[in-house]
1. Given the criteria touching a His at 6+ places or on another chain (Cβ under 6 Å) and closer than 27 Å to Pro185 by Cβ, does Gly154 qualify?
2. Got at least one residue in region 61-75 being among the hydroxyl-bearing types (Ser, Thr, Tyr) and at pLDDT 95 or above?
3. Which residues, taken from region 137-148, are open to solvent by 50 Å² or more (accessible area, probe 1.4 Å) and hydrophobic (A, V, I, L, M, F, W, C)?
4. Of all the residues that make up region 145-167, how many are in a helix (DSSP H, G or I) and either more than 16 Å from the chain's Cα centre (by Cα) or closer than 16 Å to Lys16 by Cβ (or both)?
5. Take the residues in region 157-193 that are of a type in the set (D, E, K, R) and farther than 23 Å from Ile125 by Cβ; name whichever of them is surrounded by the most Cβ atoms within 10 Å (Cβ to Cβ).
6. Quick one: in region 55-81, which of the residues that are among the charged types (D, E, K, R) and assigned to a strand (DSSP E or B) is most open to solvent (accessible area, probe 1.4 Å)?
7. List pairs: first residue in region 161-172 and more than 23 Å from Val137 (Cβ to Cβ) and in contact (Cβ under 8 Å) with a residue 40 or more places away in the chain, second residue open to solvent by less than 60 Å² (accessible area, probe 1.4 Å) and among the aliphatic types (A, V, I, L, M) anywhere in the structure, Cβ distance under 9 angstrom, at least six positions apart or on different chains.
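The values are calculated or read from the model by the stated rules, or taken from the named source; none is laboratory data. All figures in this text were calculated on a predicted structure; none of them were measured in a lab. Methodologically, a virtual Cβ is constructed for each residue, glycine included, from the backbone with ideal geometry; neighbour enumeration extends over all protein chains shown. Please note that ligands, DNA and RNA were not included when accessible areas were found on the heavy atoms of the full protein model with its side chains. Shrake-Rupley method; radii C 1.70, N 1.55, O 1.52, S 1.80 Å.
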Amino acid sequence: MSDIENIDDQPVDHPKSAPADRAANGPLDESEANPVRPYVDLGGVKVLPREGLHLRLEVEEGTKRVVAVGLDYANSTLQVQPFAAPRSSGLWHEIRDQIADQIARQGGTTTVREGSFGPELLAQIPVTTAEGQTGQVRLARFIGVDGPRWFLRGVIAGEAATDPAAAAKVEDLFRSIVVVRGSTPMPPRDLIPLRMPAPAPGAPTA
């Protein structure tokens, strides 16, 4: 799912949910990032390359729109999506409840716990194997940070969902992401457009 679902209830202004040191240690707004660092520009987010990091873009089949960035690192996966958000209020408190409801409808369970970025969801999500077998579950951590006029959602799976050492590496990776909100007016909860990275200077073109 790309854009976050609207809910029928009247909107409630929630405080922003973010680490106290977010503006210094990330995830950063474009205005807070060091402009000379060699980021990979993916439109709505920028990612700092590091050894062992593999980047994937998740593309919506019908529209060919890039809807998420997948980062494989430390025997784990981190999926990130940037969304437009209000200037003064946050989205994570509300969205966290919606995710929990969606997972419950799938037959899964979630637990709210305090993590490195504030409240997060630890989820057990039912999965069906290629052979059609059921009864297995996938562990995932849903994390979120409210920034200035944006909200960054992350989904952590693999070793970093349970192993503290891997979790620390993936959390540092999430911290290193820069969100590029841009000046274009966007309704809150709309996915900030993502794109393929530009080819490196001198790289051959297809």
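1. no
2. Looking through region 61-75, at least one residue is among the hydroxyl-bearing types (Ser, Thr, Tyr) and at pLDDT 95 or above.
3. Residues satisfying the conditions are Val137, Leu139.
4. Within region 145-167, residues that are in a helix (DSSP H, G or I) and either more than 16 Å from the chain's Cα centre (by Cα) or closer than 16 Å to Lys16 by Cβ (or both) number 4.
5. The selected residue is Arg181.
6. Residue satisfying both the conditions and the ranking: Arg56.
7. Lys169/Ala74; Lys169/Ala160
Quick grid of which residues meet (1) among the acidic types (Asp, Glu); (2) closer than 23 Å to Ile177 by Cα; (3) at pLDDT 95 or above:
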site	(1), (2), (3)
Gly90	no, yes, no
Ala100	no, no, yes
Arg105	no, no, no
Thr111	no, no, yes
Pro119	no, yes, yes
Ala130	no, no, no
Gln133	no, no, no
Ala140	no, yes, yes
